[in-house]
1. Remind me, relative contact order of the chain in percent, using alpha carbon pairs under 8 angstrom and six or more residues apart?
2. Could you tell me the distance between the Cα centroids of the range 172-212 and the range 107-167, to the nearest Å?
3. Please work out how much length the chain gains when fully extended from residue 104 to residue 158, using 0.36 nm per residue of separation minus the C-alpha to C-alpha distance, in nm with one decimal.
4. Going by average Cβ neighbours within 10 Å, how do the peptides 74-85, 105-116 rank, with the highest at the top?
5. Using the scaling law 2.2 N^0.38 Å as the reference, what is the normalised Cα Rg of the chain?
6. Two decimals is fine: what is log10 I(q)/I(0) at q = 0.13, 0.23, 0.26, 0.30 Å⁻¹ for the range 100-148, from a Debye sum with one equal scatterer on every Cα and no solvent?
Amino acid sequence: MGLWLIGKATSTLQLLRVKTPANQPALPLGKLIFTSNLKKPKQFGLICYRPHPAENARLPANRYTWLTHRLCGLPGDMLEIKAGILYINGVNADENLNLTHIFKVHRKDSSSIKHDPRQVYTIPPYSDILYMPLEDKYVQSQQLPCERYLLPPGLREDAIFKMYKRNWNQDNFGPVKVPTGKWFVLGDNRPSSIDSRHFGFIDQATFIGSIL
């Protein structure tokens, strides 16, 4: 118990509960996780950090004292999201990650697909097409009869426009270069994550710990 209290006080070891679905499937909502500042942050590792007030201002009203995202961009990296795929310095950075995206599923096929009905929506008047978040690897391994839903280039998302003053969206973003002393973070649940696409780069000094 004494070691745990010392670890908590110094951020050497902290026990936290996941409060958003931003990193599903890696970090399910409600999961307890350990973080430690003794484990150095690595590119594509999951980290916890405390956003600065400027970043907090761009977060939803239900804010948290810490956030968890995947560390994708390091200082000097050139990042771009094209057709929903993250490229870092021109290389596909998503192909080795298990991400969650929105897929279009015909209603008649939905009963055979594992999904959370609370997260499914339709876009009128096309009520026969369901839009549901699914893990990429699940879709691929089961060869599911669905199509990934992508926002078209040039369709502006207001939160992203306010930050970068460009007509970008979650599926078509950048290119941007990560400044010195900063990081670019993304959630694995790309459609449901509020991250560096929306509130910009984070300071390395805000780092709390790497997820163990």
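1. 30 percent
2. 22 Å
3. 17.1 nm
4. So the peptides 74-85, 105-116, ranked by packing, come out 74-85, 105-116.
5. Rounded to two decimals, the normalised Rg is 1.07.
6. Rounded to two decimals, the profile gives -0.25, -0.78, -1.00, -1.31.
FYI, it's all coordinate maths here, none of it is from the lab. Quick caveat: nothing in here was measured; it's all calculated off a predicted structure. All Cβ positions, even for glycine, are placed from backbone atoms using ideal geometry, and neighbour counts span all protein chains on display.
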